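Computed from the coordinates by the stated procedures, all read-outs in this text should not be read as laboratory data. All values reported here derive from a predicted model rather than from experimental measurement. Reconstructed Cβ throughout: ideal geometry from the backbone, glycine too, with neighbour counts over all protein chains shown.
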Amino acid sequence: MTNEALTRLIIFILSLATLCLLEVTYPRRELRFNRKVRWPANFSIMLLDTLLLRLLFPMSAVAFAQHLESIQFGLLSIIKLSETLKIILAVIYLDLCIYWQHVVFHKIPFLWRFHRMHHTDLDFDVTTASRFHPIEMLLSLIIKFVVIALIGAPAFAVFCFEVILNTSSMFNHSNIAIPTSIDRFLRRFIVTPDMHRIHHSIYSSETNSNYGFFLSWWDYIFHSYKQSPKDNHLKMRIGLKKYQDSKFLTLSSMIKLPFMKIKSEDTFQ
């Protein structure tokens, strides 16, 4: 835990490199745009998000959890359970909260203004996982801190969850061809690229489905699961109907997007 930030960075770089290699070797779909068009902006927004959060919140979520542990704050700190069980329960609960946070960012128009930037990517690959507006990232971190405090999540559980969330987000946004039989098995437990790609469809009924990031259980339990897209995975269009112009792939447009007028066919309901 003393090298938490470095460990997370190493895991992130290795995961990203592996998924990029798999995308090139076993692509699921042909991309509409050259990577040179999309990747600079997607990586730039990720760097901007990281710098902003570090500036505003010098204490990481893991360090925050460590502090709460030291003063025995939160539900899990007062319940007598084994440390292993506490970690497992905390990771599952944090993932459930991410699911509901995602739903809420789709349902509330003000929050959708920021989250829709993620959905205006016109291709779907590993870099889409990094495409979030800085204000959404800030709100997400505040929510995460509140949840960690309420349940008293162990610091190691928060560390595990941060690694799992980052890695699974890159995985389920990746453009990797996975055999149907394997995908069908994996979907019983985790969110796969084919499952999450449906969430990035131009059809609102598909955009408002498959909200999970890591565990697929929540979409089954709360009836938001959709098995396949209307236009099949190879032909389906990615993004939002009113934002199909490539200008929305630039960094400046991405940052300004939340402050633009909501268009009539924009989806947040």
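Structure notes:
- Cut-off of 10 Å, at most 11 other beta carbons, DSSP loop: longest stretch of the chain lacking such trypsin sites (Lys or Arg not before Pro): 81-187
- Per-pair calculated FRET efficiency, R0 = 41 Å: residue 150 and residue 30 via Cβ, rounded to 0.05: 0.35
- Charge dipole of the chain (Cα centre as origin; +1 on each Lys and Arg Cβ, -1 on each Asp and Glu Cβ, all else neutral): 740 debye, rounded to the nearest 20.
- Annotation: the residues 203, 26, sorted from fewest to most other C-beta atoms within 10 Å of their own C-beta, follow the order 26, 203.
- FRET E, pair residue 84, residue 18, Förster distance 22 Å, beta-carbon r, rounded to 0.05: 0.20
- Once the convex hull of all Cα atoms in segment 15-133 is built, its volume per residue stands at 164 Å³.
- Positive dipole terminus of segment 59-259, leading residue within 93, 200, 156 (C-beta point charges): 200
- Degrees, to the nearest 10: 4-25 long Cα axis against longest axis of the chain: 30
- Each residue of segment 208-223 was assigned a 3J(HN,Hα) from its phi angle through the Karplus expression (A = 6.51, B = -1.76, C = 1.60, θ = phi - 60°), giving 8, 8, 6, 7, x, 10, 10, 6, 7, 4, 5, 5, 6, 5, 9, 6 Hz with x at Gly and Pro.
- Our summary of shape: the Cα atoms of the chain have principal axis extents of 52, 42, 35 Å, ordered from largest down, in whole angstrom.
- Residue-span extension gain [residue 44 to residue 245] - 0.36 nm each, minus C-alpha spacing: 70.4 nm
- Principal-axis analysis of the Cα atoms of the chain puts helix 35-56 at an angle of about 30° to the longest axis.
- Number of Lys-Lys pairs in the chain with C-alpha atoms under 13 Å apart and a separation of 8 or more places or on different chains: 4.
- A Förster radius of 45 Å combined with the Cβ-Cβ distance from residue 261 to residue 72 puts the calculated FRET efficiency at roughly 0.40.
- Exposure proxy ranking, count of Cβ atoms within 10 Å, fewest first, for 245, 183: 245, 183
- Angle between the chain longest axis and helix 61-70 axis [Cα atoms, degrees, rounded to 10]: 20
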